[in-house]
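> Can you read through this structure? Questions will come right after.
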Amino acid sequence: MPQSDQGITKDRYMFIPRVAIFLRRRDEYLLIKGASTKRLWAGKYNILGGHVERGEDVRTAAERELLEETGLTAHLWLCGTVVVDAGEVGVCLFVFLGENPRGEIRASKEGAVEWVQKDAVLHLPVVEDLPVLLSKIHAMKRGDAPFFARSFYDEDGKLKVVFD
């Protein structure tokens, strides 16, 4: 189909593609604590990940982001998607789960990475959706059907995540 037949117009809802990576080691997850210089989530723990660059597929983006932020590679698989309603333009978050990391952990300009026990996440300063997504993917195994979710901000500005 030619590009002109894609039906893309400015009045349609648009998405920015992003990837999120949960790297697991038993009951621990590798999280990144945002550098103090970050504009968003400085000092908070977050999932690894970032934007999908033009010309990348989502797995390649996840592998690149993992390497850039941690110095590691791992076996990654898509475990779910989350459509984030952020106003006129939304985010389509492709959530990956990974195990068997290889390489030496290192910090990046994004922040320092550390292994965190799943239960300790509730006691740390974290981005809003991390505990919800972590509880969803914790029991997942390679080969499980992916989940589908949407998130939005309620009238009080609080983030809500709904799984289908």
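The values are calculated or read from the model by the stated rules, or taken from the named source; none is laboratory data. Here the structure is a predicted model, which is why all the values come from computation and not from measurement. For neighbour counting, all protein chains shown are included, and Cβ atoms are generated from backbone atoms with ideal geometry for every residue, glycine included.
> Could you please find all residues in segment 143-164 being closer than 22 Å to residue 79 by Cα and either touching a Gly at 6+ places or on another chain (Cβ under 7 Å) or charged (D, E, K, R) (or both)?
Passing the criteria: 144, 146, 147, 148, 149, 150, 160, 164.
> Considering only segment 144-164, I want to know if a residue exists there that is without any contact (Cβ under 8 Å) to a residue 12 or more places away in the chain, surrounded by 13 or more Cβ atoms within 10 Å (Cβ to Cβ) and farther than 17 Å from residue 29 by Cβ.
For segment 144-164, residues without any contact (Cβ under 8 Å) to a residue 12 or more places away in the chain, surrounded by 13 or more Cβ atoms within 10 Å (Cβ to Cβ) and farther than 17 Å from residue 29 by Cβ: present.
> I need the full set of residues from segment 103-118 which are of a type in the set (Lys, Arg), farther than 24 Å from residue 17 by Cβ and modelled with pLDDT under 95, in order please.
Selection gives 106 alone.
> Condition first: touching a residue at least 12 places away in the same chain (Cβ under 8 Å), surrounded by 15 or more Cβ atoms within 10 Å (Cβ to Cβ) and over 17 Å from residue 79 (Cβ atoms). Now tell me which residues in segment 47-66 satisfy that.
Hit for segment 47-66 is 50, nothing else.
> Restricting the search to segment 126-142, which residues are over 9 Å from residue 79 (Cα atoms) and either surrounded by fewer than 12 Cβ atoms within 10 Å (Cβ to Cβ) or of a type in the set (S, T, N, Q) (or both)?
Start the filter on segment 126-142 by keeping residues that are over 9 Å from residue 79 (Cα atoms), which leaves 126-136, 138-139.
If the condition is that a residue be over 9 Å from residue 79 (Cα atoms) and either surrounded by fewer than 12 Cβ atoms within 10 Å (Cβ to Cβ) or of a type in the set (S, T, N, Q) (or both), then 135, 139 are the ones that fit.
> Now a separate question. Taking only segment 65-96 into account, find how many residues are small (Gly, Ala, Ser) and part of a strand (DSSP E or B).
3
> Would you pick out the residues in segment 14-66 that are charged (D, E, K, R) and in contact with a His (Cβ under 9 Å, 6 or more places away or on another chain)?
Of everything in segment 14-66, those that are charged (D, E, K, R) and in contact with a His (Cβ under 9 Å, 6 or more places away or on another chain) turn out to be 18, 24, 27, 65.
> Moving on to the next point. Please determine whether any residue of segment 101-109 is at positive phi, in contact with a helix residue (DSSP H, G or I) (Cβ under 9 Å, 6 or more places away or on another chain) and surrounded by fewer than 19 Cβ atoms within 10 Å (Cβ to Cβ).
yes
> Would you confirm, using the coordinates I've provided, whether residue 68 is among the acidic types (Asp, Glu) and closer than 25 Å to residue 148 by Cβ?
Answer is no for this residue.
> Under 9 Å by Cβ, and 6 or more places apart or on different chains, what pairs join a residue from segment 26-45 that is under 15 Å from residue 113 (Cβ atoms) and modelled with pLDDT of 90 or more with one that is of a type in the set (Ser, Thr, Tyr) and surrounded by 14 or more Cβ atoms within 10 Å (Cβ to Cβ)?
Going by the 9 Å Cβ cut-off, the qualifying pairs are 30/70; 31/45; 32/45; 32/70; 32/108; 33/45; 34/45.
> Scan 111, 80, 98 and give me the residue that is touching a residue at least 60 places away in the same chain (Cβ under 8 Å), in contact with a Phe, Trp or Tyr (Cβ under 6 Å, 6 or more places away or on another chain) and not aliphatic (A, V, I, L, M).
80
> Quick one: residue 18 ticks every box in (1) farther than 21 Å from residue 88 by Cα; (2) surrounded by 15 or more Cβ atoms within 10 Å (Cβ to Cβ) except a single one, so which number is it?
Residue 18 satisfies every listed condition except (1).
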